[in-house]
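Quick notes on the structure that follows.
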Amino acid sequence: MDVEASTRKIGAVKSFKKHWQLYLILIPPMVFFAIFKYYPMANMVLAFKDYNVTKGIWGSEWVGFKHFELFFNNPVFWDLLSNTLLLSLYLLAVVFPLPIILALMLNEVRSRKFKKVVQMVTFAPYFISTVVMVSIIMLFLSPRLGFINILLNSLGFDSVNFLGEPSMFRSIYVWTDLWQMAGYSSVIYLAALAGVDPSLYEAARVDGASRLQKIRNIDLPSIMPTLVVILILTVGNVMALSFEKVYLLQNDLNRASSEVIATYVYKVGLLNANYSFATAVGMFNSVVNLILLVMVNGLAKRISKNSIW
């Protein structure tokens, strides 16, 4: 064991001397993550304490799982959890596969000019800020002056208060998110498709394969590793909804379906300065995401042999 350890140490030293520039490049991101990502994790102990401003985080009284129990026993807990999961799963079911379809379709387009126009049109909404995006949604869906309701009125239908209907909130959130993110997400798959060996397409053309057959037998297997990794990372963030967009689209009429864990934490935990409670709920969110990440990674590794670790 000592000889093996010594050999590894000598190999590591040689590697460092040979590639020291690459190791040097790694230092800034490692320092960034250590300071702004890992060091703040120590303050998660706040979830197990009654925070007192004068005593600080480490001097505050230890209360164990008190804040977790308060959250789990809260009458709105199951509503919050179901709203968060339903919206997240709806978002995953729509926003994950459609950019893949868009990338596959663009990959089949032979006109470079048309392809660039489509990419520009689908990619542009990504640069719109959340506040501006929500303003556009509100203007389009306004009961009196919104473009959608004006169109409905011209067709003989009554105006609909879309943002006031709890049943419509999830669809509005998800499909506008798709509009904003589809072009950006498809770039990753287009990059993966660009690395496919052209000889595979030539062989498929000689064999008389149709476009759908080429997509099924060449394109999809080629991007499968990328697809699996992005799926794992997406599922790992399934509870981390965009707080800003949900909060800005939320109102008293649609609160039954729009109140998610993130908005609840902001209102109850932060506005009321109940920092320990907010930390406990945030920690619960993170633990759920971690469990989902590990489960999906294990399933992906077993089924497709592709995984993050």
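In this structure, is Thr226 open to solvent by less than 60 Å² (accessible area, probe 1.4 Å), free of Cβ contacts under 8 Å to residues at least 40 places away in the same chain, hydroxyl-bearing (Ser, Thr, Tyr) and under 25 Å from Trp175 (Cβ atoms)? So Thr226 fits the description; yes.
Each residue in region 229-264 was checked for being in a helix (DSSP H, G or I) and open to solvent by less than 60 Å² (accessible area, probe 1.4 Å), and 17 pass.
Report yes if some residue within region 228-243 is over 24 Å from the mean Cα position of the chain (by Cα) and not β-branched (Val, Ile, Thr); otherwise report no. So far as region 228-243 goes, no, none of its residues is over 24 Å from the mean Cα position of the chain (by Cα) and not β-branched (Val, Ile, Thr). The condition of being more than 24 Å from the chain's Cα centre (by Cα), surrounded by 11 or more Cβ atoms within 10 Å (Cβ to Cβ), within 26 Å of Leu102 (Cβ to Cβ) and at pLDDT 90 or above holds for only one of Phe169, Phe147, Phe140, that being Phe140. For region 267-298, the tally of residues that are exposed (fewer than 15 other Cβ atoms within 10 Å of the Cβ) and not polar (S, T, N, Q) stands at 10. Quick check: is even one residue across region 11-21 within 30 Å of Glu259 (Cβ to Cβ) and among the charged types (D, E, K, R)? Looking for residues that are within 30 Å of Glu259 (Cβ to Cβ) and among the charged types (D, E, K, R), one finds none in region 11-21, hence no. With respect to (1) closer than 30 Å to Lys301 by Cβ; (2) touching a residue at least 12 places away in the same chain (Cβ under 8 Å); (3) of a type in the set (Lys, Arg), the lone exception for Arg144 is condition (1).
Could you tell me whether region 103-113 includes any residue that is assigned to a helix (DSSP H, G or I), surrounded by fewer than 17 Cβ atoms within 10 Å (Cβ to Cβ) and β-branched (Val, Ile, Thr)?
Scanning region 103-113 turns up no residue that is assigned to a helix (DSSP H, G or I), surrounded by fewer than 17 Cβ atoms within 10 Å (Cβ to Cβ) and β-branched (Val, Ile, Thr).
Taking region 86-102 on its own, how many of its residues are open to solvent by less than 60 Å² (accessible area, probe 1.4 Å) and out of contact with any helix residue (DSSP H, G or I) (no Cβ under 8 Å at 6 or more places or on another chain)? Going through region 86-102 one residue at a time, the tally reaches 2. Of all residues in region 40-55 being more than 14 Å from Ala280 (Cα to Cα) and polar (S, T, N, Q), which is surrounded by the fewest Cβ atoms within 10 Å (Cβ to Cβ)? Among those that are more than 14 Å from Ala280 (Cα to Cα) and polar (S, T, N, Q), it is Thr54.
The values are calculated or read from the model by the stated rules, or taken from the named source; none is laboratory data. The shown structure was predicted, so the numbers you read here are calculated from the model rather than taken from an experiment. Positions of Cβ are generated from backbone atoms using ideal geometry, with glycine treated the same way; all protein chains shown enter the neighbour counts. Note: areas computed on protein heavy atoms with side chains; ligands, DNA, RNA excluded. Shrake-Rupley method; radii C 1.70, N 1.55, O 1.52, S 1.80 Å.
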